[in-house]
Amino acid sequence: MRDIVALAVSVLAVGVLSSRDGVEAMSLLRYLYFVPVIVAALRFGVFGGGVTAAATVLLQTPWIFAAIERGGLTPAATERVVTCIALLLVGMLVGRLASYAQAQRRRWRLLLAVQRALSEDAPLEVAVGRLRACLAVRLDVDDVALVVRGDDRLAIAGGVCVAEDSLAAEVLATGRPRYVPDVGGGARPRRAYAAPLLVGGAPIGVLAVEREGEMAAAERAALSTLAAHCGLALENARLASRQRRFAEELAERIASATATKSAFVAVASHELRTPLTALLGFSELLAQRRFDAAEVRHMAELMQHETERLVRIVDDFLDLSRLERGLEPKLSRAAVKVAPAVAAAVEVFRRTGSHRLVVECDETLPAVDADADALDRILKNLVGNAMKYSPAGSDVHVAARGADRAVEFSVRDVGRGIPAEALPRVFEPYYRAPGVGSARGAGLGLAVVKSLIDAHGGSVRLESAPGSGTRVTFVLPAVS
Amino acid sequence: MWTLERPAPSRRAGLLANTPVALVSALGAGWAAAAGLAGLGWVTPSVLRAVAITAAHGGLLAIALEWGAAEGRTRLPRGAVLVTIALIGAGAAAAVVDPRGSVLLLTAPAWLALLTLRGSLTGLGLGPRVAWRPVLAGAALGGLLGAHLLLSASQTLGYALRGGATAVLLLWVYDVGANVISAECFFRGALFNRLQRRWSFAAAATVATTATLFRYVVDPMLPKQVEVMAGALFYLTVLSAVDCWLLWWSGSLLPGLAASWMFFLAYRTLAIG
């Protein structure tokens, strides 16, 4: 207000000076007339410069026209007319340049503020709210809103909802800006403008502003540019947030994998050491002491059993190594009769006598197109697991039945079962379900089973519930 | 927020929508008939002047009221437009009998004030609630422009002040009751207001100002001396631009009315015409 009063006084001073301005040419006093005009132009832009220049010219005209009336268009009068024209030009030009510079400065500051508002990682709704708050403070408008498409719904800041037939919905659908000169209902026209937030030419949201008063084409173009910038800034923030989350997940996975491998090394060492200890112990006994034939035979059978266990463990390691390199296990496929294969695999475990093994396998089943050794390992792994995780003396059912050009095998126990949250991971290498207790194993068996079945073009599924046992079913193609 | 929650408008009504064509045509026909009769010598020039005032100002006010009602989505009382025209006509007719009868013209703004208080003229920028600061600002701007006119006319052209306050006031009554009220209601309240809700301020103000200048250039009551015409065009351009800005700034027609009344008071003080 003080600025305006000072300008008004300055303009009146110009009027007074002008009334006392002589008829002689080149009055240095006239240079002073430019002072309030330039000050107003710099302070208030094109409007201030234009109005002040017009006011100073208006205040001079009575004296100038009177001078012309009295003496005609003398050089002195011409000079005063030229001074008036120069005042108008200076007021408008300086004012326009000042307005432009001010607008540019505001825009740059706004762009920086937008970047700052989105610099912190935050959920989309929070980021959109921050951005809207930043724009509301810095944009010279009455109301501003932001609508941004989220993964499953719209994030809205500055409004409650987006009506289907609203301006924002239209811009969001078409990706083209829209201007409404008056939304109606007010004493003054209320302009509304909605510009799309574009990313790669596609609208991801809308910047909507409303203002009572003017909204010139240049300002609307600037708003469109700002909206495009906001779109990119939001997308960058979204990508950065996603990248951070991905990096965190990756770090967690690496840590988990490292921990799993460490645990595996410990378990594998233990798994290898157990049969080796047995072999070492029996071989030392045989070397140092004399035994009768029956005792020697018994020790030899135990040593053979432990050696077979070692072979199985080493085979599992080799298969896993191939699996991790993205290679399928080597198979030598042929027609394998199902009943003898199942009987042979089960027989090894039947001799332990710890569980009752129930086999349901029709002799007439078609042969499967499989690697005999691989099938044997699959069955032994599954039957061994079933026995390991079910109480001694309980039943373990092994069955095979014909399916559509395939044979479906199943191994079922009545053991402790697997928790639901562990089911999706049971086929992962090194994974051991929680609650396995002191049961031996490196967490490789089911991973190897799955890789072998996949290599045959078959499928495997596992059903289990804590307390009611586990059933593993796998399908291998039959010989056509 | 409207942009998000309200349906986007389809096309707006045309610029000339809600014009009372029949009424305006009837007024024009009456004026033409009076002019014809005056040509035949059956009607005196003073009667023709009264008919012209009624037709011109009544017509402008009729259009303004109808456009304002449409823009403001308000309903005018039944017969409000005809009452307005009748009041202007009564004032103009009374002035034929006695110049002091022109005081009756003041019934027209009084009637419009009544409509304003009822909330029927919000579409013209005349609402029941008045913000006095813009009105004072308008009066000040009009007064400054009037003072400039007095200074400029006396300095440049040597015009003297009109003698007698009664004569000045009776002339000013015509401005208050008919001239200014019809011009502001139509050119600012109706035309500029309708245009600024479709176009930019600059475009709307340019069209409204051009229309205002045209209205005064064809006005047979304006003296036809070149210097007066040039001065009138200059001052009316500035006044119209100021009035447009006042309406745009304040949302009310009253500041513009105050500016115009003050300016025309200064104009009537000069012994022109």
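What follows is calculated from the coordinates using simple rules that are stated; it is not laboratory data. Remember, predicted model here, so these are calculated numbers, not experimental data. Here the Cβ positions follow ideal geometry from the backbone for every residue, glycine too, while neighbour counts run over all protein chains shown.
Computed values, structure above
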item: Extension reserve of the residue A:89-residue A:12 stretch, reckoned as 0.36 nm per residue once the Cα distance is removed; result: 25.8 nm
item: Stretchable slack from residue A:253 to residue A:425, in nm (0.36 nm times residue separation minus alpha-carbon distance); result: 60.5 nm
item: Ranked list, fewest to most other Cβ atoms within 10 Å of each Cβ, for A:29, A:17; result: A:29, A:17
item: Computed label-point distance, nm, for sites residue A:228 and residue B:75 using a 7 Å Cα→Cβ extension; result: 5.1 nm
item: Spin-label pair residue A:4/residue A:403, simplified geometry with 7 Å Cα→Cβ offset, distance in nm; result: 8.6 nm
item: Using a Förster distance of 22 Å, the FRET efficiency for residue A:97-residue A:43 (Cβ separation, nearest 0.05); result: 0.95
item: Equivalent ellipsoid, the protein assembly as shown (semi-axes from 5 times Cα gyration tensor eigenvalues, Å); result: 102, 31, 18
item: Footprinting exposure proxy for A:270, B:148, A:397 (fewest neighbouring C-beta atoms within 10 Å first); result: A:270, A:397, B:148
item: Segment residue A:300-residue A:35, extension gain: residue separation times 0.36 nm, minus the distance between their alpha carbons; result: 83.8 nm
item: Loop sites in segment B:50-115: trypsin sites (Lys or Arg not before Pro), DSSP, at most 11 other Cβ within 10 Å; result: B:73, B:75, B:78
item: Nitroxide proxy distance, nm - points 7 Å out along Cα→Cβ at residue A:314 and residue B:82; result: 11.8 nm
item: Dipole magnitude (debye, nearest 20) for chain A, charges at Cβ of Lys, Arg, Asp, Glu; result: 1260 debye
item: Residue among B:244, B:55, B:228 farthest towards the positive dipole end of chain B, charges placed on Cβ; result: B:244
item: Residues of segment B:1-35 with amide N under 19 Å of the 7 Å Cα→Cβ point at residue A:160; result: B:1-8
item: Chain B: DSSP helices with Cα axial extent of at least 30 Å and average Kyte-Doolittle hydropathy no lower than 1.0; result: B:226-250
item: With 5 Å bins from 0: P(r) over chain B, alpha-carbon pairs, percent; result: 1, 6, 12, 16, 19, 18, 13, 8, 4, 2, 1, 1, 0, 0
item: Neighbouring partner chain Cβ atoms per residue of A:278-290, average, 10 Å criterion; result: 0
item: Ascending count of other beta-carbon atoms within 10 Å, so fewest first, for A:387, B:229, A:303; result: B:229, A:303, A:387
